Amino acid sequence: TMLTLSMLGWQGMSGCGSRTSAPPLVRSTSPRAREALVPRHIIGCYGCGAELQDDFANAPGYVEPERYEMKAARRQLRQTLCERCRRLSQGEIIPAVVEGRLQRAPDADATGALCDGRGITTPEALRDVLRPLRERKALIALLVDLTDVGGTLLPRVRELIGGNPVLLIGTKADLLPRGTETERVREWLGGAASKLGGVLGVFLLSSKSGEGMQAAARAIMTEREGRDVFLLGAANVGKSAFLKSLLPLVSPAAPRNLPISASTPGTTLSLLPIDCFSGGSQLYDTPGVHLHHRLSARLLPAELAMTLPRGKMKPYTPQAPSVPGVSYFWGGLARLDVVHAPPAMRLSFCTGAGGLVVHTCATTDAEAEHAAKAGVEWTPPQDRESAAEIGPLVLHRTARLKLTPMQQSADLAISGLGWVSVGCLSTLQVGPLEATIGVWVPRG
């Protein structure tokens, strides 16, 4: 499970927005580099991009035979949603990607596919869809979830995109806590992405409210220079929602049928080309990159729903001091032990998920309390069976921090849940203010 530590939290790092050097663009003369990424004869679901078919119910792009024949007779297949996308559009959570515990679900068939429409592809298959990007001249709009930067900023993205230039776009800005200084967040994000190289600009926005969309749209139109534009990012980072908000700003005649936007990771299953630019170039929605270290990869659909943001993040600070010997549980999925700390230290738990509650106990009782309550009183996990499958929590990292009175000194981010901000009240204590915090998460 991903744990990241930002010693300055949202207080900012070194600057951003300036152009940095990128590896030279790979210019290939192979047929693959010249051919259309999505041949015209392939008719895909406009919601997820999977090729439509009526033969295999547990495969991508499935449409019931009667509806398939009707749409084909009316020449409406290009305006057709597959069965899975129809269900997603009605609010169901149907993971398509076989990962985590879906790999050994009891209702899986011999191929690993699940009989209710879940588990119809793999992370490796989705990555294969993205491989042609290295060989094409393109502009990459790389999306990062601002509520989970450590878990969604793709560390090896250059393996997928080669030397193509990048616009770094932070999504879901509307979910950040009230009072967040967005300019400092922008600087911090730019510093975090400095190793990527070739970053032309950094933008923060909300696809839901529209804040920041105009600036991102102008940058895409300015920087594309006749190239195709690819929306790229980790699973569930908000690519399809961003696309829906972007199209009216870059094309006066936006298509009526747009990709499905849902809370389920793995909504988009193939490249989805959209004709919205002049000159023959296209805008592509792409499958989300699935990262095994994200806690969401370990959760079942009902548990995933408990951890998804439901609104603006509201930090929770326990009233009792965070003193040595106290442990905090975030549902039954994460644990923080206060090993050493001054009485003035305070921990603030930041998440937008309404289903996550913070529980407190003595560190000496922590393992026994978790064994007894995870999946029962402490959820997620959804039940005892699920808690047993996830297994006991293990010590992942011991963070040693220097505190400053009246400042938030660090953020301990747990990918898929949120982050814990470590701060310090005013104090008369003389000498260094230091804290040691143990972070426990599921193994893997």
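The values are calculated or read from the model by the stated rules, or taken from the named source; none is laboratory data. Here the structure is a predicted model, which is why all the values come from computation and not from measurement. Glycine also receives a Cβ, built like all others from the backbone with ideal geometry; neighbour counts cover every protein chain displayed. Surface accessibility is based on the protein's heavy atoms, side chains included, excluding ligands, DNA and RNA. Shrake-Rupley method; radii C 1.70, N 1.55, O 1.52, S 1.80 Å.
Here are some notes:
- Inspection of segment 79-91 finds a residue satisfying the criterion of being in contact with a helix residue (DSSP H, G or I) (Cβ under 9 Å, 6 or more places away or on another chain), open to solvent by less than 50 Å² (accessible area, probe 1.4 Å), modelled with pLDDT of 90 or more and among the polar types (S, T, N, Q).
- Residues of segment 412-444 satisfying the condition of being over 14 Å from A341 (Cα atoms) and among the charged types (D, E, K, R): R443
- Any hit, segment 237-249, residues being farther than 29 Å from V97 by Cβ and open to solvent by 10 Å² or more (accessible area, probe 1.4 Å): yes
- For segment 387-444, filtering for residues that are of a type in the set (D, E) and closer than 23 Å to A368 by Cβ leaves 1.
- Counting residues in segment 229-249 that are of a type outside the set (S, T, Y), farther than 27 Å from L304 by Cβ and touching a residue at least 40 places away in the same chain (Cβ under 8 Å) gives one or more.
- Test result for L356, within 24 Å of V185 (Cβ to Cβ) and in a loop (DSSP other than H, G, I, E, B): yes
- Any hit, segment 425-441, residues being more than 28 Å from D145 (Cβ to Cβ) and buried (at least 16 other Cβ atoms within 10 Å of the Cβ): yes
- Inclusion of A362 among residues that are open to solvent by less than 50 Å² (accessible area, probe 1.4 Å), among the aliphatic types (A, V, I, L, M) and within 22 Å of the chain's Cα centre (by Cα) is not warranted.
- Residue match in segment 365-376 (condition: assigned to a helix (DSSP H, G or I), among the basic types (K, R) and in contact (Cβ under 8 Å) with a residue 24 or more places away in the chain): yes
- Segment 380-406, residues that are farther than 16 Å from V441 by Cβ, open to solvent by less than 80 Å² (accessible area, probe 1.4 Å) and in a loop (DSSP other than H, G, I, E, B): Q382, D383, L403, T404, P405
- Residues that are among the aliphatic types (A, V, I, L, M) and farther than 13 Å from A341 by Cβ, drawn from segment 400-411: M406
- Per-region count, segment 307-327, residues touching a strand residue (DSSP E or B) at 6+ places or on another chain (Cβ under 7 Å) and at pLDDT below 90: 4
- Segment 288-334 - residue that is within 30 Å of T364 (Cβ to Cβ) and hydroxyl-bearing (S, T, Y) and, of those, most open to solvent (accessible area, probe 1.4 Å): Y316
- Some residue of segment 263-282 being modelled with pLDDT of 90 or more and crowded, with 21+ Cβ neighbours inside 10 Å: no
- Here P343 meets the list (1) buried (at least 20 other Cβ atoms within 10 Å of the Cβ); (2) assigned to a loop (DSSP other than H, G, I, E, B) almost entirely, failing just condition (1).
- Hits in segment 164-182 (condition: farther than 18 Å from F242 by Cα and either open to solvent by less than 30 Å² (accessible area, probe 1.4 Å) or touching a residue at least 24 places away in the same chain (Cβ under 8 Å) (or both)): N164, P165, P177, R178, T180, E181
- Among the residues of segment 188-211, those identified as under 21 Å from M313 (Cβ atoms), of a type outside the set (A, V, I, L, M, F, W, C) and crowded, with 21+ Cβ neighbours inside 10 Å are S206, S207.
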